1. State whether the chain is rounded, prolate or oblate according to the following rule on the C-alpha gyration tensor (a ≥ b ≥ c being the square roots of its eigenvalues): a/c under 1.5 gives rounded; otherwise a/b larger than b/c gives prolate, and the remaining case gives oblate.
2. Which whole-Hz ³J(HN,Hα) couplings does the range 115-123 yield from phi under the Karplus relation 6.51 cos²θ - 1.76 cosθ + 1.60, θ = phi - 60°, glycine and proline marked x?
3. On a full-extension model of 0.36 nm per residue, what is the gain between GLU44 and ALA238, subtracting their alpha-carbon distance, rounded to one decimal in nm?
4. Starting from the Cα-Cα distance between ARG201 and THR118, subtract it from 0.36 nm times their residue separation and give me the gain in nm to one decimal.
5. Per DSSP H run of n ≥ 4, the term is -39500 (n - 2.57); total these for the chain, divide by its residue number, and report the mean residue ellipticity at 222 nm rounded to 500 deg cm²/dmol.
6. If you roll a 1.4 Å probe over the chain with all protein chains in place, what percent of the accessible area is carbon or sulfur?
7. Rounded, prolate or oblate for the range 135-253? Axes are the square roots of the Cα gyration tensor eigenvalues, ordered a ≥ b ≥ c, and the cut-off for rounded is a/c under 1.5.
8. Starting from the residue with the highest accessible area, list MET206, MET150, MET1 in decreasing order, probe 1.4 Å.
Amino acid sequence: MRAAERQHRILVLARQQGRVEVTAAAADFGVALETVRRDLSELERRGLVRRTHGGAYPVESTGFETDLAQRVTRHVEAKRRIAAEAVKLVGEAESVFVDEGYTPQLLAALLPNDRPLTVVTASLSTAAAVADAANMTVLLLGGRVRGRTMATVGSWACAMLSGFVIDLAFLGANGISRDLGLTTPDPVVADVKAKALEVSRRRVFMGHHSKFGAGSFCRFAEVGDFETIVTDTELSSAEAHRYALLGPHVIRA
């Protein structure tokens, strides 16, 4: 098998499974571990995967984006820890924006309901999950629904957000980089995220460690726009410190 074909098949595997392991791929393709490592290095150089210890994660781009059904099955324990740590930052906020995605959905289920709280979201899944919570008012942004993420996008969603002043926004991204900022594959998704950032007094980024160092098509924020970053302990303390130098407090849950 030629290197180009093998690399294509490795990328397909990574996108289907959410991660590719060096040892498993070497066995599957009947090649040496070092051959797979070289393939992954080439795919990383082309911006298609993000290398980690023992394997790699696919990088989401204009041509590839995981859907919500895939996200709810990957890195679930780490995402639960991130959500549980991030919700501690609510404090005295009376209104919060909760982004689309599975980690924000987990956070929404943990929001305090012993006092009045207004939740603004573009996510149909999040809105449905918390709509009947005591003391919680849920505002679902209007607009076109993206079937991939079950969230609203477009000018109507942005127009609704522009009329709000929100105490705290919990935002995600497909990639976060010290050089490229926070990115997402789709311009209309980037528009909603950027508007939520603009109208919120405080901003918290939540993301699995595989998002760090990755870049996608549309930039909607800089790292310094956030007061706090919440991720998991697989992000090294040294790398967390580098992000903290740009302004945010970095929490590794």
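The values are calculated or read from the model by the stated rules, or taken from the named source; none is laboratory data. No experiment lies behind these values; they were computed from the predicted model shown. In this analysis, Cβ positions are derived from the backbone assuming ideal geometry, glycine residues included, and neighbour counts consider all displayed protein chains. Areas reflect the complete protein model, heavy atoms only, side chains present, ligands, DNA and RNA absent. Shrake-Rupley method; radii C 1.70, N 1.55, O 1.52, S 1.80 Å.
1. Prolate is the answer for the chain, as a/c is 1.5 or above and a/b outweighs b/c.
2. With coefficients 6.51, -1.76 and 1.60, one gets 7, x, 8, 9, 10, 10, 8, 9, 8 Hz.
3. 67.7 nm
4. 28.4 nm
5. The helix-only estimate for the chain comes to -10500 deg cm²/dmol at 222 nm.
6. Result for the chain: 50 percent of the exposed heavy-atom area is carbon or sulfur.
7. Prolate, because a/c is 1.5 or more and a/b exceeds b/c.
8. MET1, MET150, MET206
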